[in-house]
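Participant: One structure coming up, written as structure tokens, with questions to follow.
Please treat every number below as a calculation from the coordinates, not as lab data. This is a predicted model, so every value here is computed, not measured. Please note: Cβ atoms are built from the backbone with ideal geometry, for glycine as well, and neighbour counts cover all protein chains shown.
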Amino acid sequence: MANTTVARPGRREGSTASPLLQLFRRNIQTYTIIIALILIWLVFTIATRGGYMSPQNISNLFRQMSVTSLMAAGMVLIIVTGGIDLSVGRLAGFVSVVVAYVQANTWYQVIPDQPGLAALLSVGLGLAVGTVWGVAQGYIVAYLRVPAFIVTLGSMFILQGLVLLQTEGKTIPANQPVFSEIGQGYLQSELSWILAAVVIGLMFLLMFRGRANKQKYGFPLPTLWLDIAKNVLYAGLLVLYVYAVNLYEVAPGIPYPVLLLAIVAVIMTYLSTNTRFGRYAYAIGGNREAARLSGINIRRSIFLIFVLMGFLSGLAGIVLASYVGYGTIGAGAGYELDVIASAILGGTSTLGGVGTIPGAMIGGLIMASLSTGLQMLNAPPATTYVVKGVVLVAAVLLDVYFKREAK
């Protein structure tokens, strides 16, 4: 009688790797863009003989990505609901020239000895202008039911005209004390390390608290070592970043725009994943009719998303004016393309219903990395546009491929 080998349930070869493989398969699109980012950095580092990874370039790279990434955080929710906003770049540009104008021609004549108050008033005005514009666009799109593409395209032309009217074809200085610190300042080295330590501590605290809550309510727990490994990786990247920017002798420390972007990204991530506001947005994008039948107020949700987009565009315009130091006729031109591309590169589906804020941040970093690397290689502007276009089309094809595989 032939011997028969019976496989016993339980332990099997390679079982220790299965959680990692499952995690990779669930987030394959995210890991793909991370690998793409690493390859981009590697290629430019070799091409520039290490200059690309210098402390100065690392500091400037993250500072430069802040303006478009601030708007990309809002664009994710716009695209997730099946919409689009083509006016974000020009809105940020218009806010930047308005803020520059009041800084140079109003506050410093009315309150010349109070630069802090002047900067505060400028910030408030910039946020108000962006939010009001978002209210107007959101009302037309959500309640008057005009397609978002048409509304925001028209807004883009209107805002371009307003920029020309405001500047009168001239450059407006916005490099006054205090206000210039918003886009050009940085957190001191010691404070940067303290902040990094606090963030790392919070990461692990939230991880263990999240595991305790899942266990309390009977939800399945991820593998402990995998959770710890992820947090160790994130902590290591944060430490490397702080170490690199602190080596920049001219301006050591975390740039204020990067710090502001990190705060916005955390808040937007929480809004999109842990609130009704965010869950409704994904429900609308996933199946609008099902969302309506479940009682979601679709008009109100879309209106609020456009208001939020306007607020973030206003914030980006303030950072833009402070960082550049001027309000110009070309302020914000073409930014909408980088913003949309950042969201899509980060995994936001053009079909709606899918997208993450962290993904958009990585997408924004990819766009900034391409621009900075090609500039360091003295590539002509035409090459930059071509490369960005190819990368964007490749990202959309990748998204379509993953959607087909999921089905």
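Participant: For the chain, just the Cα set please: Rg and Dmax, both in angstrom.
Facilitator: Using the Cα atoms of the chain, the pair Rg, Dmax is 23.2, 103 Å.
Participant: Mind putting a number on the dipole of the stretch 186-254 about its Cα centre? Charges go on the C-beta only, +1 for Lys and Arg and -1 for Asp and Glu, and I need it in Debye to the nearest 20.
Facilitator: 520 debye
Participant: Just to be sure I understand the rule: take each whole DSSP H helix in the chain, project its Cα atoms onto its long axis, keep it if the span is 24 Å or more and its mean Kyte-Doolittle hydropathy is at least -0.5. Which ones pass?
Facilitator: Details: long enough: 28-47 (28 Å, 2.28); 55-80 (36 Å, 1.00); 115-142 (40 Å, 1.51); 148-167 (28 Å, 1.78); 189-216 (40 Å, 0.74); 224-246 (33 Å, 1.30); 256-274 (27 Å, 1.71); 298-324 (38 Å, 1.84); 357-376 (28 Å, 1.26); 381-406 (38 Å, 0.98).
Membrane-span-like by this rule: 28-47, 55-80, 115-142, 148-167, 189-216, 224-246, 256-274, 298-324, 357-376, 381-406.
Participant: Name the long-range amide H neighbours of G327: under 5 Å, sequence gap of 5 or more, or other chain; modelled H, no Pro or chain starts.
Facilitator: I172, A174
Participant: While we're here: Can you give me the distance in nm between label points at N175 and Y143, each placed 7 Å from the Cα along the Cα-to-Cβ direction?
Facilitator: Once both label points are built, they end up 4.4 nm from each other.
Participant: Something else: At most 13 other Cβ atoms within 10 Å and a DSSP loop assignment: could you name the GluC sites (Glu not before Pro) in the stretch 136-236 that fit?
Facilitator: E168
Participant: Continuing with the same structure: What whole-number distance in Å separates the alpha-carbon centres of the stretch 203-249 and the stretch 44-61?
Facilitator: 27 Å
Participant: What's the extension gain from T350 to Y401 if we count 0.36 nm per residue and subtract their Cα-Cα distance?
Facilitator: 17.1 nm
Participant: What ranking of I40, I34, I79 emerges when the number of other C-beta atoms within 10 Å of each C-beta is taken as an exposure proxy, fewest first?
Facilitator: Ascending Cβ contact count within 10 Å gives the list I34, I40, I79.
Participant: Further question on the same structure: Working out 0.36 nm times the residue gap between V386 and A290, then minus their Cα-Cα distance, what length gain in nm do you get to one decimal?
Facilitator: That pair, V386 and A290, stretches by 30.6 nm at full extension.
Participant: At R0 = 45 Å, how high is the FRET efficiency between N378 and T30 if r is their beta carbon distance? Nearest 0.05 is fine.
Facilitator: My answer for the efficiency is 0.85.
Participant: Another one. Taking amide H positions as placed in the peptide plane 1.01 Å from N, state which residues far from Y186 in sequence (5 or more) or on other chains have amide H under 5 Å from it.
Facilitator: For Y186, the qualifying residues are Y256.
Participant: Then there's this: Have a look at Y256, Y270, Y335 and tell me which one the Gaussian network model of the chain (Cα, springs below 10 Å) gives the largest fluctuation.
Facilitator: In this elastic network of the chain, the residue with the biggest mean-square fluctuation among Y256, Y270, Y335 is Y270.
Participant: May I ask for the percentage of alpha-carbon pairs in the stretch 186-254 that lie more than 21 Å from each other? Mind showing how you got there, number by number?
Facilitator: On the way: 920 of 2346 pairs.
Tail of the P(r) past 21 Å holds 39 percent of the pairs.
Participant: Same structure again: Considering the dipole of the stretch 192-288 built from charges on the beta carbon (Lys and Arg +1, Asp and Glu -1) around the Cα centre, which of V250, A196, P222 is farthest to its positive end?
Facilitator: P222
Participant: Once you sort the root eigenvalues of the Cα gyration tensor of the stretch 156-216 as a ≥ b ≥ c, which label holds: rounded (a/c under 1.5), prolate (a/b larger than b/c) or oblate (the other case)?
Facilitator: oblate
Participant: With 10 angstrom as the radius, rank W41, W107 by how many other C-beta atoms surround their C-beta, starting from the fewest.
Facilitator: Lowest to highest Cβ neighbour count: W41, W107.
Participant: Using +1 on the beta carbon of Lys and Arg, -1 on that of Asp and Glu, and nothing else charged, what's the dipole of the chain about the Cα centre, debye to 20?
Facilitator: Values: 25 positive and 13 negative charges, 361 e Å.
Roughly 1740 debye for the chain.
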